[in-house]
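No lab work stands behind these numbers, since they all come straight from the coordinates. In this text, all values refer to a predicted model and were calculated from it rather than measured experimentally. Please note: Cβ atoms are built from the backbone with ideal geometry, for glycine as well, and neighbour counts cover all protein chains shown.
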Amino acid sequence: MSQRIFGVVLLVASIGLALSAWGYQAPFSYEPVGPRAYPLLLLSLLALGGIYLLVKPASAHAVSNEPPLDRHVVRKVTTCVVLLVIYAAVFELLGFIPASTVFAIGMARLYGGSWRASVIAGLLLGVGMYLLFDKLLDVPLPLGILSSLEI
Amino acid sequence: MDTFGYLGQGFGVALSPYNLLTALCGTFIGTIVGLLPGLGPINGVALLIPIAFALGLPPETALILLAAVYLGCEYGGRISSILLNIPGEASAVVTAFDGYPLAQQGKAGVALSISAWSSFVGGLMATTGVVLFAPLLAKWAVAFGPAEYFVLMIFAIVCLAGMAGDKPVKTAIAACIGLFLSCIGIDANSGVYRFTFGSLGLADGIQFVVLVLGLFSVSEILVLLERTHHGEQAVKASGRMLFNVKEMMFVLATNIRSGIAGFVIGVLPGAGATLASAVTYMSEKRLASKDNKFGNGDLRGLAAPETANSASACGSMVPMLTLGIPGSGTTAVMIGALTLYNITPGPLLFQNQPEIVWGLIASLFVANTMLIVMNIPLIKFFTKILAVPYWALVPAIAIITSIGVYAVHATTFDLFLMTGIGVAGYILRKMDFPLSAILLGFILGGLMEQNLRRALSISNGDLGILFSSPITWVVWAMVVGMIALPIWRTYRRRAERRAEDAAA
């Protein structure tokens, strides 16, 4: 069933994208193929793929490698995605250290750590990763609200 | 002999103390990264790209680092397969078939050292293959024009789908999704913004590192949520750590056969280590005498996939270096890294920057040797790492991944994009779409469009140029063969099943 839904989504998406790609035309062109042809070609292949998924009967022999989803897992996955989005939103705003500490505590709780262990892990990761990457490996990270502490 | 002169020069590069140290760090980091659940060779290598860049490593050192990490990851994945029966990635699945039973029988040390030895033999054979064949292919590849390249890339995509076994259509769809994603952003030829929908963050296209880490790290983090077990007990590696001469001779023929097969499969674009390990395991099982113990701890069943694995890992460097076409997900990542350094892999690389190519090839020899020397004494240490609980490990992986993404452009837009791609990747994975096909499509996509447009500019829009030279005819014939093969195989399987039904 999910195959069919995906087939429909793929088909609708490729038609929609193809419609928006229709207007891609170069004002001046020095070559016979414009910017439009190649994406349109791919989108039509994808649309064909969508139709195939829609039409093809689910095979009885097909074995899925992935365990099926249940409500419990879906809730956990959603929480995890929400955490990631919040992390992305506050990454620069709060700065790396506070954002990562809070995020790590949330993630550690989600993966079954006790409160105490999660808080310790979060603090260690937030500060440790900053020192490792910003100071040692020269990858610049935002300080955010802690920027007054910068030496 | 030109080749040996160059190889000597390459060893000169690889054996300089600085590069030697880099290779040592790379193999060590790689082994640990491969060992950890949620991180495999693909995201291991991708994570190091921004770091190598930030550290200001010269290109050949960076490439040596990435190659060493790649080989280390391939090896590290074995440790968790053998001791935990949890393969870290797809190509290690077969290793667990015989590796875990061996560990349960108290031969974990022997199993680990035999697998290290097999990887070493496979890597050595394949690297020799690279030395012998890559320059030949590079010389030949200079004759390739844009039309030939375009057809060759079609072959690579078709090969990917045809080799995928049970799900060719899904692989093809995944590859097309990757090809399409590469269209996003400013079109380099005309300056038209494609599929950006007014977003500035997308104007530059989807960053390669963002795609890789989204697809492989974020989706893996989500998958780990499903496995609720915490700190599963690893089998203790006790008893004899080293295999004896008898055991070595027992697997020698298997090593040689699987090494050759693995190299050939690795060279084919699109077919990677997963296929190589599965194919060699099955053929060794067939070759073995009736009273074999395959599946219950046969050393040959462990040696075959291990040898093939590292042979194909090295073999996939051949199309990457000579044609600029990746043979596996990880080499796709390495091409992405090369592009960051403004190095275009392809036949000209052999002429213009031989120190990079031969330095890399020589460092494959060095890294293989280091792995076997380092791994046997350090097995006890590596098994300790397996005991790290998820609640400490996963947040660390998530934070490192975010740093890797942020380091590319220093915008939070990429972090949102990574999360979005990760969710999409998770859904696709749940529906059994192979994610590495998306990655290969993404790498090939840009090249493919450029070559198609260049070819058609030469011919002034005449499609005939795609069928005009003997090289294109040969490649088209291979494309047709590759499409026909799986169809024929399905047909035969159906016929067999029908015959069985009729007999029953």
May I have the pair-distance distribution P(r) for region A:2-55, computed from all Cα-Cα distances with 5 Å bins from 0 and rounded to whole percent? 5, 22, 24, 17, 12, 9, 6, 3, 2, 0
Chain A: longest stretch without exposed chymotrypsin sites (Phe, Trp or Tyr not before Pro) (DSSP loop, at most 16 other Cβ within 10 Å), sites themselves excluded? A:31-151
Going by amide H atoms built from the backbone, whose H comes under 5 Å of the H on B:R194, apart from near neighbours? B:G185, B:I186, B:D187
With respect to the cross-link table entries A:K76/B:K384; B:K107/B:K380; B:K107/B:K246; B:K285/B:K384; A:K76/B:K430, which display a Cα-Cα separation exceeding 25 Å? A:K76/B:K384; B:K285/B:K384
Taking every other residue with Cβ under 14 Å from the Cβ of A:R36 and scoring Lys and Arg +1, Asp and Glu -1, one gets -1
Can you tell me, using C-alpha contacts under 8 Å and at least 6 residues apart, the relative contact order of region A:2-55 as a whole percent? 61
Taking the square root of 5λ for each eigenvalue of the C-alpha gyration tensor of chain B, the equivalent ellipsoid has semi-axes, largest first and in whole angstrom, of 34, 27, 25
In degrees, nearest 10, range 0 to 90: what is the angle between the Cα axis of helix A:37-55 and the longest Cα principal axis of chain A? 90
Under a GNM of chain A (C-alpha, springs under 10 Å), which listed residue has the highest mean-square fluctuation: A:L48, A:L123, A:L84? A:L48
Averaged over its residues, how many other protein chain Cβ atoms are within 10 Å of peptide B:414-423's Cβ atoms? 4
Compare A:S20, A:S118, A:S100 in a GNM of chain A, Cα atoms joined below 10 Å, and give the one with the largest fluctuation. A:S20
Does region B:110-184 come out rounded, prolate or oblate by the C-alpha gyration tensor, with a ≥ b ≥ c the root eigenvalues, rounded set by a/c under 1.5 and, if not, prolate when a/b is larger than b/c and oblate if not? oblate
Remind me, relative contact order of chain A in percent, using alpha carbon pairs under 8 angstrom and six or more residues apart? 19
Note the angle between two axes, namely the Cα long axis of helix A:2-21 and the longest principal axis of the Cα atoms of chain A, as a number of degrees from 0 to 90, rounded to the nearest 10. 80
Under the Karplus relation 6.51 cos²θ - 1.76 cosθ + 1.60, θ = phi - 60°, what is the ordered set of whole-Hz ³J(HN,Hα) values for region B:109-114, x standing for Gly and Pro? x, 4, 4, 5, 6, 5
Return one number: the angle in degrees, 0 to 90 and rounded to the nearest 10, between the long axis of the Cα atoms of helix B:59-84 and the longest principal axis of the Cα atoms of chain B. 40
If each residue's Cβ is checked for other Cβ atoms within 10 Å, how do B:T274, B:T95 rank with the fewest at the top? B:T274, B:T95
How large is log10 of I(q)/I(0) for the protein assembly as shown at q = 0.05, 0.09, 0.11 Å⁻¹ when the intensity is taken from the Debye formula with one equal scatterer per alpha-carbon? -0.22, -0.76, -1.18
Given points 7 Å out from each Cα along the Cα-Cβ axis, report the A:D138 to B:K167 separation in nanometres with one decimal. 4.2
In whole Hz, with x marking every Gly and Pro, tabulate ³J(HN,Hα) for region B:401-409 from phi via Karplus 6.51 cos²θ - 1.76 cosθ + 1.60, θ = phi - 60°. 4, 5, 4, x, 6, 5, 5, 5, 10
Farthest positive-ward along chain B dipole, Cα basis, beta-carbon charges - from B:I173, B:S402, B:P326: B:I173
Comparing A:V55, A:V73, A:V81 in a Gaussian network model of chain A (Cα, 10 Å), the one with the largest mean-square fluctuation is A:V55
Rank these for me by crowding, B:M248, B:M163, going from fewest to most other beta carbons within 10 Å. B:M248, B:M163
Would you mind calculating the relative contact order of chain B from Cα pairs under 8 angstrom and at least 6 residues apart, reporting the percent as a whole number? 28
I'd like the distance separating the alpha-carbon centroids of region B:87-158 and region B:261-334, in whole Å. 5
Sorted from fewest to most neighbouring beta carbons within 10 Å, what does the list B:C73, A:C80 look like? A:C80, B:C73
To the nearest 20 debye, what charge dipole does chain B have about its Cα centre, counting +1 at the Cβ of each Lys and Arg and -1 at the Cβ of each Asp and Glu? 1120
Roughly how many Å is it from the Cα centre of region B:26-82 to that of region A:72-151, as a whole number? 23
Each residue of region A:103-116 in order: what ³J(HN,Hα) in whole Hz does its phi give by Karplus 6.51 cos²θ - 1.76 cosθ + 1.60, θ = phi - 60°, with x for Gly and Pro? 4, 5, 4, x, 5, 5, 4, 4, 8, x, x, 6, 4, 4
Spin-label point model (7 Å from Cα, Cβ direction): what's the B:L348 to B:T196 distance in nm? 2.7
Kirkwood Rh over alpha-carbon pairs of region B:388-502, then Stokes-Einstein at 25 °C and 0.890 mPa s: what D in µm² s⁻¹, rounded to an integer? 126
Within a 10 angstrom radius of each residue's Cβ in B:54-66, how many Cβ atoms of other chains show up on average? Whole number is fine. 1
Take the alpha carbon gyration tensor of region A:71-149, find the square roots of its eigenvalues, order them as a ≥ b ≥ c, and report rounded if a/c is under 1.5; if not, report prolate when a/b exceeds b/c, else oblate. prolate
